[in-house]
Amino acid sequence: MEYFVVKGGNELSGDIEVSGMKNAAVGVIFACLLIEDKIVLENMPDISDVRTSFNILKSMGAKVRYLNKTTVEVDCTRAEGGCAPFEMVRNMRASYYLAGAELGRFGKTHVGCPGGCDFGIRPIDQHIKGFEALGAEVSVEGGYIEGKAGNGRLRGASIYFDRVSVGATMNVLIAATMAEGNTVIENAAREPHVVDLANFLNSCGAKITGAGTDVIKVKGVGTLSGCTYAIIPDMIEAGTYMIAAAATNSRLRITNVIPKHLESISAKLEEMGVQIEEHDDFVVVSRDGKLTKTNIRTLPYPGFPTDMNPQMCTLLCLADGVSYLTESVWDNRFRYIEELRKMGAEIRVDGKTAVIEGNTRFTAAPVRAVDLRAGAAMIIAGLCANGKTTIEDIHHIKRGYDNIVEKLRTVGADIKEINVPESSNYPKAN
Ligand code: EPU
């Protein structure tokens, strides 16, 4: 059993360096399957979703070699499709990119259905709609996604997504890169990780334009070749540390960021009275006064990211007045609120909106990381609480935050990870 212990009350100061973006990295890693050549990926975050992704590729016959802590050489020349181990695939969400990559390279796919955070139903109908438009016959049977292109190769098509989906946009982009002819994806997601995936594929010889807008055009190419590519910084990790600074009344310099990607987060923080200085590749976040209430609705990029919902909710608990946080991407992203309540938060959920009473004084409690970003929110609440908070189920946090304990300790937080052998009694934290 492993858990974090956070002792609240410390002011934070200094620099935190942001790692490469999880949701870009996992897309790029599975897209490597398309390429029969060596690829060098830089700025890879050291998180379990990335390790699982590489292990899946290795189990399919790819060669994966770490050149240093953040640089990895991948060679999928000898990889085979249809054999990714079910247990690994269902450990993470992004394994669905294997379906697009296998269809693109082998003209067929056999991949277990993905896992990932539990936000209620997470359909993949738009992915399937895209693959079918590209000429594949696709079914989901016995826990597997099965697909086959008519004559062994996908063909370009026009696809209009019924709703904006990051995963479907990236999956269809991967599949269409080597399809015969041209593809147009309309109502595409505009997230920075979609752009990063397109930039990576273009560096390997793909012909993709329009990524970052809602219409992406792909001219299918016959082959792709290796390249060296650096993953963009993780805007959600950056946003999480920005909120940690604001919540603890501190000043942090957050480095290795693209400030443009943080605009929706910065705008809301500024509205609440947090000071943000933007520089080319770092931001300085500080707060020395009261936080003002605000209202937020999560939206696809460039709107306020759903992956900042729990962290922002935690900050709103500290603001003066009642705030409204509306979740419009996921049906069930408020499961963490029960945990925040254990720490003294007064939050009522009314349908898709959390009504947050401000001026909470968090008190330490044993809580769970019910999902990845919920876990980050528990850490933030713990940093503000009076006493020692214990956070269980931290494997969720480790899926997406590179070295979070060490990064926070470096800027003065009192946080540690405890590992207890299964046979021991669970020690009391308070
Ligand atoms: N949706 C459908 N049909 C589909 C696909 C999605 O109805 O075929 C719906 C979903 O149910 C949801 C909405 O569309 O209501 C958006 O889903 P999207 O496909 O954009 O989400 P995703 O690709 O499964 C990625 C991130 C999530 C992040 C969402 C939204 C990865 C691996 N995951 O998920 O990240 O919340 O986009 O931005 O990229 C996280 O990092 O903590 C995380 C959960």
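Which residue, PRO310, PRO192, PRO366, has the most motion in a Gaussian network model of the chain that connects Cα atoms within less than 10 Å? Ranking PRO310, PRO192, PRO366 by mean-square fluctuation puts PRO366 first. Here the relative contact order of the range 1-154, from alpha carbon pairs under 8 Å that lie six or more residues apart, stands at 19 percent.
Partner lysines whose Cα lies under 18 Å from the Cα of LYS129, excluding those fewer than 8 positions away in the same chain, are identified as LYS108, LYS148, LYS217. DSSP bridge analysis restricted to the range 102-188 gives an antiparallel fraction near 75%, rounded to the nearest 5. Between ASN295 and SER328, residue separation times 0.36 nm minus the direct Cα-Cα distance comes to 10.6 nm. Can you give the FRET efficiency for ASN187 and ARG409, using 1/(1 + (r/R0)^6), R0 = 60 Å, r = Cβ-Cβ distance, to the nearest 0.05? With a Förster radius of 60 Å, E is 0.85.
Let me have the 222 nm mean residue ellipticity of the chain computed from DSSP H runs of 4+ only, each contributing -39500 (n - 2.57), with the sum over all residues rounded to the nearest 500.
About -8500 deg cm²/dmol.
On the beta carbon distance between SER139 and LYS207, with R0 = 35 Å, the FRET formula returns roughly 0.70. Within a straight-line Cα-Cα reach of under 18 Å, LYS416 can be paired with the following lysines, leaving aside sequence neighbours fewer than 8 residues apart in one chain: LYS7, LYS388, LYS398, LYS407, LYS428. Once both labels are positioned 7 Å from their Cα atoms along Cα-to-Cβ, the gap between GLU132 and ASP288 label points is 6.0 nm. At an R0 of 41 angstrom, the distance between the Cβ atoms of SER59 and ARG348 translates into a FRET efficiency of 0.35.
First select every other residue whose beta carbon is under 12 angstrom from the beta carbon of ARG153; then total the charges, Lys and Arg +1, Asp and Glu -1.
+3
Available extension along the chain between VAL355 and ASP15 is 119.1 nm, counting 0.36 nm per residue and deducting the alpha carbon span. Put a dot 7 Å past the Cα of ASP118, heading toward its Cβ, do the same for LEU67, and the two dots end up 4.1 nm apart. Explain nothing, just the number: relative contact order of the range 290-430, from Cα pairs under 8 Å at least 6 residues apart, as a whole percent. After rounding, I find 19 percent. As a length-normalised measure over Cα pairs under 8 Å and 6 or more apart, the relative contact order of the chain settles at 20 percent. Only lysines eight or more places from LYS293 in sequence, or on another chain, were considered; those with a Cα closer than 16 Å are LYS268. Residues within the reach of a label modelled at ASP125 (point 7 angstrom out along Cα to beta-carbon, backbone nitrogen below 19 Å), restricted to the range 179-210, are 186-189. Restricting attention to the range 303-430, close to 65% of DSSP beta bridges with both partner residues there are antiparallel.
Placing a pseudo-label 7 Å from each Cα along the Cα-to-Cβ vector at GLU2 and GLN275 gives an inter-label distance of 3.8 nm.
Since every read-out is calculated from the coordinates, none of them should be taken as a lab result. Quick caveat: nothing in here was measured; it's all calculated off a predicted structure. Every residue, glycine as well, gets a Cβ built from its backbone with ideal geometry; the counts of neighbours run over all protein chains shown.
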